[in-house]
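Down below is the structure, laid out as structure tokens.
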Amino acid sequence: MQVTYVIILLAVVAAVAVVLTLLVVNNARKKQAAKIIKAAEQEGENIKKEKIFQAKEKFLQLKGEHERYINEKNSQIQQTENKLKQREMQMKQQYSELQRKQAENDSIRENLKAQVEIVNRKAEEYDKLHREAVEKIENIAGMSAAEAKEMLVETMKEEAKTQAMSYINDVMDEARMNAGKEAKRIVINTIQRIAPETAIENAVTVFNIENDEMKGRIIGREGRNIRALEAATGVEIVVDDTPEAILLSAFDPVRREVARLALHQLVTDGRIHPARIEEVVEKVRKQLEDEIMETGKRTCIDLGIHGLHAELVRMVGRMKYRSSYGQNLLQHSREVANICATMAAELGLNPKLAKRAGLLHDIGKVSEEDSELPHAILGMRLAEKCKEKPEVCNAIGAHHEEVEMTSLISPIVLVGDAISGARPGARREVIESYIKRLKDMEAIAMSYPGVTKTYAIQAGRELRVIVGADQVSDAESEMLSNEIAKKIQNEMVYPGQVKITVIRETRSVAFAK
């Protein structure tokens, strides 16, 4: 029992201790919570004071900015009011000035009306006196005023024409004396202007390089590389200050192409020395020859032409690197071949023979022979040498009418060549515009009275004008040539100069029976 009491007593004591401990802890927590609340209230008060202070500062700042804005606006309004007042004063001054000028104008208008009335009265009196004087003069002279005026005008016209022709003859004599010297000067200036462009277009190829350092490697030590390249290709290589470019100059387009391809391989490979240059040039030349033959064969296959001599096939391939008046020669020959075949088929002739002649008509232009013969005759001889048919040879030689046509294929080739060259955009000068220029020139001359016939000759460089001997005198014929020349010069565009020749002759015809 005692043990039980002891245990109960210990339990009570423990319970009391726990209760006391909880009371102590709760009291400590309350004190701590009170401290935290007090600190939070203090901090909140500080934050509140700080925010109030910041708000006051912000308010004062905004108030100052608002006051400055109001002051600026007031200043602008004041300036605008001052300008408006000044403008109003100026308008009042201008209005008063206008009223004053209006009054002056009214006064001037009244004066002018009075003066006009006086002038009209004087003019009526003058007209009356003039009519009376004219009537008296007509009675004395025995002719009307219109007749006298016409007679005077005709007399003055004849005198003016005589003086003008005299002056023109003097000027023409002086011009004839200086014509030779002036013509030489004009020709020299023309050559200076045209020759560089023509040479660049027909004899120069531009080879582009990545940087100018490569120029030094191409030239080589003491120029040995460039000398070896020129000797191997037969092309002059110009290395100047042109950035990233080298000029290849030669009249043979195949040589220029060999030099261009060889330079491309040497620059790409990077090994540039005389032995390597000779090796690459020889290799490129063989490749280009193979390509020329391949181009010739492919062209013949495309056109359906068979049995062509190997030399002629090679010349057809060389046409790829030749141009005529800006038109690629191979494309021109292919075009002529197709045109000739079409026309021959329409006429019931052999289209294959016409196509063959059309393809070969300009082979004389790519011949390697140094001949002074025209290219048509040279091409005819080459075709004869390669055993081509007589009809084809004659068509080649006669396509510029330099030999007599002996077959029906020849005029077809001539016409096909003209059609291809005259196609708009094919060459620099279109044949239609050339013919129109000659017709316009003849029409201008025919528009003058007394002209019976006109002929434009020498490719439009001379105009022959035939006049009637009974309608135009010798002096008038000289004047007519000058007038036609001026009209052509003002209304037409033409190359060079045009010579106008007026022919006046009298023919008497009789027959002996």
(1) within 21 Å of T205 (Cβ to Cβ); (2) over 36 Å from the mean Cα position of the chain (by Cα): which one isn't true of P274, the others all being true? (1)
Would you pick out the residues in the range 213-260 that are assigned to a loop (DSSP other than H, G, I, E, B) and either more than 31 Å from the chain's Cα centre (by Cα) or surrounded by 20 or more Cβ atoms within 10 Å (Cβ to Cβ) (or both)? G220, G234, V235, A250
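Rundown of residues vs (1) small (G, A, S); (2) under 26 Å from A418 (Cβ atoms); (3) out of contact with any Cys (no Cβ under 6 Å at 6 or more places or on another chain), yes/no style:
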residue: I435; (1), (2), (3): no, yes, yes
residue: E442; (1), (2), (3): no, yes, yes
residue: A445; (1), (2), (3): yes, no, yes
residue: P449; (1), (2), (3): no, no, yes
residue: Y455; (1), (2), (3): no, yes, yes
residue: E462; (1), (2), (3): no, yes, yes
residue: V472; (1), (2), (3): no, no, yes
residue: E476; (1), (2), (3): no, no, yes
residue: E483; (1), (2), (3): no, no, yes
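Taking the range 358-399 on its own, how many of its residues are part of a loop (DSSP other than H, G, I, E, B) and either closer than 15 Å to L330 by Cβ or open to solvent by less than 80 Å² (accessible area, probe 1.4 Å) (or both)?
Number satisfying all stated conditions: 9.
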Out of L312, L263, sole residue that is more than 30 Å from A354 (Cβ to Cβ) and crowded, with 17+ Cβ neighbours inside 10 Å: L263
Condition first: in a helix (DSSP H, G or I), modelled with pLDDT of 80 or more and in contact with a Leu (Cβ under 7 Å, 6 or more places away or on another chain). Can you find one or more residues in the range 408-417 that meet it? yes
What are the pairs with Cβ atoms under 6 angstrom where one residue, in the range 255-278, is under 12 Å from G234 (Cα atoms) and the other, located anywhere, is of a type in the set (K, R)? Sequence gap at least six, or different chains. V258/R285
Of all residues in the range 278-303, which are open to solvent by less than 10 Å² (accessible area, probe 1.4 Å) and farther than 18 Å from I363 by Cα? V280, V281, V284, L288
What is the one condition in (1) among the aliphatic types (A, V, I, L, M); (2) under 24 Å from I412 (Cβ atoms); (3) part of a helix (DSSP H, G or I); (4) touching a residue at least 40 places away in the same chain (Cβ under 8 Å) that I301 does not satisfy? (4)
Residues to consider are E236, E257; find the one that is touching a Phe, Trp or Tyr at 6+ places or on another chain (Cβ under 9 Å), within 22 Å of R322 (Cβ to Cβ) and among the acidic types (D, E). E257
Need at least 1 residues that are modelled with pLDDT under 80 per element, so show me which strands (runs of 3 or more DSSP E) inside the range 448-513 make the cut, counting only ones lying wholly within it. 451-457, 499-505
Hits in the range 202-212 (condition: open to solvent by less than 20 Å² (accessible area, probe 1.4 Å) and either at pLDDT 75 or above or not in a loop (DSSP other than H, G, I, E, B) (or both)): A203, F207
Here the qualifying pairs (Cβ atoms under 9 Å; residues six or more apart or on different chains; first in the range 444-470 and closer than 18 Å to K487 by Cα and open to solvent by less than 30 Å² (accessible area, probe 1.4 Å); second of a type in the set (F, W, Y) and modelled with pLDDT under 85) come out as G460/Y434; G460/Y494; E462/Y455; L463/Y455; V465/Y455
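The values are calculated or read from the model by the stated rules, or taken from the named source; none is laboratory data. Fair warning: this is a prediction, and the values are worked out from it, not measured in the lab. Please note: Cβ atoms are built from the backbone with ideal geometry, for glycine as well, and neighbour counts cover all protein chains shown. Side chains are part of the model used for accessible areas, which takes the heavy atoms of the whole protein and leaves out ligands, DNA and RNA. Shrake-Rupley method; radii C 1.70, N 1.55, O 1.52, S 1.80 Å.
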